[in-house]
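What follows is one structure encoded as structure tokens, with my remarks underneath.
Throughout, read-outs are computed from the coordinates displayed, never taken from laboratory work. What you see is a predicted model, and the numbers here were worked out from it, not measured in a lab. So basically every Cβ, Gly included, is an ideal-geometry build from the backbone, and we count neighbours across all protein chains shown.
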Amino acid sequence: MINKEVSSTAVAVADIFDGATVMVGGFGEAGSPIELIHALIDQGATNLTVVNNNTGSGEVGLAALIKAGRVSKMICSYPRSMNSTVFPELYRSGAIELELVPQGTLAERIRAGGAGIPAFYTATCVGTILEEGKERRTIDGQDYVLEYGLKADFSLIKSFKSDPYGNLIYNKTARNFAPPMAMAGAITIVQTGEMVAAGELDPEVIVTPGIFVNRVVVVPNPAHESVLVAEGVTYP
Amino acid sequence: MINKEVSSTAVAVADIFDGATVMVGGFGEAGSPIELIHALIDQGATNLTVVNNNTGSGEVGLAALIKAGRVSKMICSYPRSMNSTVFPELYRSGAIELELVPQGTLAERIRAGGAGIPAFYTATCVGTILEEGKERRTIDGQDYVLEYGLKADFSLIKSFKSDPYGNLIYNKTARNFAPPMAMAGAITIVQTGEMVAAGELDPEVIVTPGIFVNRVVVVPNPAHESVLVAEGVTYP
Amino acid sequence: MKSEKPVMGLSRDEMAQRVAMDIPNGSYVNLGIGIPERITRFVPDGREFIYHTENGLLGMGPSPEEGVGEPELINAGKRQVTALAGASYFQHPDSFAMIRGGHLDLCVLGALQVASNGDLANWSVGGPDAIPAVGGAMDLVAGVKSVFVVTQHCTKTGEPKLIEACTYPLTGPGVVNRIYTDLAVIDITADGFQLVELSPGVSFEYVAERTGAPLIPIS
Amino acid sequence: MKSEKPVMGLSRDEMAQRVAMDIPNGSYVNLGIGIPERITRFVPDGREFIYHTENGLLGMGPSPEEGVGEPELINAGKRQVTALAGASYFQHPDSFAMIRGGHLDLCVLGALQVASNGDLANWSVGGPDAIPAVGGAMDLVAGVKSVFVVTQHCTKTGEPKLIEACTYPLTGPGVVNRIYTDLAVIDITADGFQLVELSPGVSFEYVAERTGAPLIPIS
């Protein structure tokens, strides 16, 4: 009776609004929901704050969204790529804002946002320039900084399989940020390689329970970013 | 080459020391590592602080450990049971200390301890008597209390299967507190129903990676607490 | 067991059925022990509710047939249950991330007392000899989007459970959205208890007399 | 590529091999990009190291054979890898729980600068035009039990990398335990740089001259 499948990537991203915060799954190309990002480019929403570990490569996927001028701020840990000059050029020209977050802090902030934890302490970045502006606290003799949970209006992620309830499993290291982003998105949108019937996914192996998922669109043969970049593809 | 299997439950728990903090997996009987607890009773360590959601039932497993006078403090969310008067009697007589923690806060404190998060904020218990002594903080207009991560000297948990690296999968709702306790224990000791060869567990479905596990002992047909209680078994 | 045939107002099953009517299709729901559990029997035609049990199962099904239950497939009340197609198992931190993170649409709980400002007391009578046991109640009321209470309107000794201020220790302050009793459906509003619906054959005065704080009639 | 035949001291492979000698059997290890990656080729007989890559794999194996790699099985450097028997995949929060929670025994990293108090700079040269990119470096040095640095003793222009105080932005303060260079093995101690071992044919004076802070000889 419950079926979260939607008919197209365009339908899936139709209500993403100007100024929205959008989490985008993936670490490098593994787990990058390229087809959803391309649908978002077509859709036209702008002034977005995007959360992703990186800033894309080549001129497809996330890099293409940035190049199209739709992203006003990136929250990420590693905005460099061997295969892209899109972010560096915009950053140097002051056209895009960067919030640099250590990778583990980024992952934990996203999980915290999804888990109803407004803030937590971590030793990461204590004594570095990234501590600037953060509250420091000593607990049991060690110094920590306070970090805040991150939430998003929308999360765009990629899964290997889904069922109609939105239960998800992933493929190898494509899992990375998708599970916490699924939790932290008010609306979580999934592109999945295959839709299977309810009950086909072993309840023991489901990584993201459907409660965290709002919409699923089937993209049977998703493009690989590295292949597109090697072929010189640009989007749109 | 790496093999974390040990030969017996007695060997597995041999170095648990007086005064240790011991996390014990399980929610009710599901996931309770009864054979490890019985080995701990035989071993004799006392003055223990035990972390478990409950306080056992009947006079086996955790209830038997408490009855034997080995536990000086319980950290738990629900120290009541239809089938046991062991904890209530000791508590009323002042022979055992209780730190009552809301169940979700308990789970998150254990995960935090294992994840290197010394403290976090949560809305749970704000405005209740369990807020007493805790620091309150307003974040984005909502009130939260500060809760601290929990760690243990030893964690005793039960898994469905293990491999020699200590990779674990669980059985249904027996999973509960075992994964975070595996993370939070300085020494994590597992009783598993079956030891399989390395590579037999699909890397996609491993719930607890072996990095969190120190020792595994095979207990092929673990007792069920409810069966022991129904049969009137007491331990030792 | 309490009688299923009350002199006036709804039976326990009827109360559960009344709550079920108000739950939208596709809701993710956590049900407390007692009357709330009975809601599963009264899902309206055309709707599906997905049940969460905080010990690590989403998609919980009914109790198993006699003799086929499993000691390691239980609910938060530690009774054996089943898992439906589309279910998933998970660890406690993830289960309470669903609760604390506001992902559950609704929890339906019993109550010892509800105050007109939405304060709920349902975990302890606070006596010096009581063994305090809170379980997941405080997490649920702090995290779940909507909190419904379903309870007899009065205690067994006839005292009102809906009152000005709780005398028992709170589960959470200002957390209740709506109360379903044998006598009425009542919302918590900024002005206090707002009557939504009277049970068949029950008068406003009858409910108001048995409510320990002002009851605002339907306007 | 840098020449593999230095005039004096160890080659990059020899440096990796020297580090490998000091890693106990059964260690859980995270290896940085560059010389640290080469350690996998020099695991001493009778030992097994388990490699963690922070993007979600424990039990990482070598690069795949040509043509059989998978775009979604990569390491933290975004290069294709394999998974060994006994491997597991997990999500980012779990991966960094391993790091932050002190579960990894060792990380081996490159360095721009190491100070005699153990301060490490390895993520940014701090120029106004640099694109800051930290990745997981700060998490690793703050969380992992032991931090080894493996690096050329001097920069390409001959400046010492082991100095009194870092001038580049820190990755973490006081985090380095031991440094392996082409010229020597050096511990960070409360008294500063403590020589542990000279590379074959290298004199104490030669190393000390190329070290930007006092070097304590072996006593």
- Task: For region C:184-193, take each phi angle, set θ = phi - 60°, evaluate the Karplus expression 6.51 cos²θ - 1.76 cosθ + 1.60, and give the result in whole Hz per residue in order, putting x for glycine and proline.
- Result: 6, 10, 9, 8, 8, 10, 4, 9, x, 5
- Message: Below 8 Å, C-alpha to C-alpha, sequence gap of six or more: please give me the relative contact order for region C:1-99 in percent.
- Response: 21
- Check the straight Cα-Cα distances from B:Lys67 and name the lysines below 16 Å, setting aside those fewer than 8 residues away within the same chain. none
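If you rank C:Ile99, B:Ile129, B:Ile157 by fewest surrounding Cβ atoms within 10 Å, what's the result? Walk me through the numbers on the way to the answer.
On the way: C:Ile99 26, B:Ile129 13, B:Ile157 32.
In order of increasing Cβ crowding within 10 Å: B:Ile129, C:Ile99, B:Ile157.
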- Message: I'd like the distance separating the alpha-carbon centroids of region A:188-216 and region C:170-219, in whole Å.
- Response: 40
- Item | Partners for A:Lys73 among lysines (Cα-Cα distance below 17 Å; same-chain residues under 8 apart left out) | A:Lys151
- Item | Percentage relative contact order, chain D, counting C-alpha pairs under 8 Å, at least six apart | 19
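Just counting partner chain Cβ atoms within 10 Å, what average do the residues of peptide B:209-220 show around their Cβ?
Values: counts 15, 7, 13, 5, 0, 0, 0, 0, 0, 0, 0, 0.
Mean partner shielding for this stretch: 3.
Lys and Arg at +1, Asp and Glu at -1: add these up for the other residues within a Cβ distance under 12 Å of B:Ala115 and post the number. Write out the running numbers ahead of the final one.
Values: positive: A:Arg111, B:Arg109, B:Arg111, B:Lys151, D:Arg100; negative: A:Glu108, B:Glu108, D:Asp94, D:Asp139.
My count for the surroundings of B:Ala115 gives +1.
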- Query: If we count other beta carbons within 10 Å of each Cβ, what is the order of A:Met1, D:Met8, fewest first?
  - Reply: A:Met1, D:Met8
- Query: In whole Å, what is the distance between the alpha-carbon centres of region D:71-136 and region D:24-52?
  - Reply: 14
- Partner shielding of D:119-132, as the mean number of partner chain Cβ atoms within 10 Å, equals 3
- Item | Amide H contacts of D:Thr189 (H built 1.01 Å from N, under 5 Å, at least 5 apart or other chain) | D:Gln194
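Provide a whole-number value for the mean count of partner chain Cβ atoms within 10 Å of the Cβ atoms in peptide D:100-113. Before the final figure, lay out each step's value.
Details: counts 12, 13, 5, 7, 1, 1, 0, 0, 0, 0, 0, 0, 0, 0.
Per-residue shielding by partner chains comes out at 3.
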- Task: Using a/c under 1.5 as the rounded threshold, could you call region D:1-156 rounded, prolate or oblate? The axes a ≥ b ≥ c are square roots of the C-alpha gyration tensor eigenvalues, and prolate needs a/b larger than b/c, oblate otherwise.
- Result: rounded
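Please give the charge dipole size of region C:101-206, origin at the Cα centre, charges +1 on K and R Cβ atoms and -1 on D and E Cβ atoms. Round to the nearest 20 debye.
Here region C:101-206 has a charge dipole of around 200 debye.
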- Note on the structure: Amide H proximity to C:Leu104 below 5 Å, modelled H, separation 5+ or other chain, gives C:Lys145
- Long-range amide H partners of B:Val216, meaning residues 5 or more apart or on another chain whose placed amide H is closer than 5 Å, are B:Glu5, B:Val6, B:Val190
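Over chain B, what is the relative contact order in whole percent, taking alpha-carbon pairs under 8 Å and six or more residues apart? Write out the running numbers ahead of the final one.
Details: 574 pairs, mean separation 57.8, N = 236.
In percent, rounded to a whole number, it is 24.
Just to confirm the filter: which GluC sites (Glu not before Pro) across region D:49-129 are DSSP coil and have at most 15 other Cβ within 10 angstrom of their Cβ?
Here the GluC sites (Glu not before Pro) that fit, given the DSSP loop and packing criteria, are D:Glu65, D:Glu66.
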- Distance between region A:1-62 and region A:78-110 - C-alpha centres, whole angstrom: 17
- Helix C:12-21 vs. chain C, principal-axis angle (Cα, 0 to 90°, nearest 10): 80
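So which of A:Lys4/A:Lys161; C:Lys78/C:Lys156; A:Lys172/B:Lys161; A:Lys172/D:Lys78 end up more than 19 Å apart, counting from Cα to Cα? Display every interim value, and only then the final one.
On the way: A:Lys4/A:Lys161 13 Å; C:Lys78/C:Lys156 26 Å; A:Lys172/B:Lys161 21 Å; A:Lys172/D:Lys78 13 Å.
In this structure, C:Lys78/C:Lys156; A:Lys172/B:Lys161 exceed 19 Å between Cα atoms.
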- Positive end of the charge dipole of region A:98-155 (Lys, Arg +1 and Asp, Glu -1 on Cβ, about the Cα centre): tell me which of A:Gly141, A:Ala119, A:Phe154 has its Cα farthest that way. A:Phe154
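Place the peptides B:93-100, B:38-45 in order of packing, highest mean first, counting for every residue the other Cβ atoms within 10 Å and averaging per peptide.
Numbers: B:93-100: 13.6, B:38-45: 18.6.
The densest-packed peptide leads the list: B:38-45, B:93-100.
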- Item | Structure-based [θ]222 nm, chain C - -39500 (n - 2.57) summed over DSSP H runs of at least 4, per residue, nearest 500 | -4000 deg cm²/dmol
- Message: I need the phi-derived Karplus couplings for region A:41-46: 6.51 cos²θ - 1.76 cosθ + 1.60, θ = phi - 60°, integer Hz, Gly and Pro marked x.
- Response: 4, 4, 5, x, 4, 9
- Karplus-derived 3J(HN,Hα), 6.51/-1.76/1.60, for each residue of region C:200-206, Hz, glycine and proline x: x, x, 9, 8, 4, 4, 4
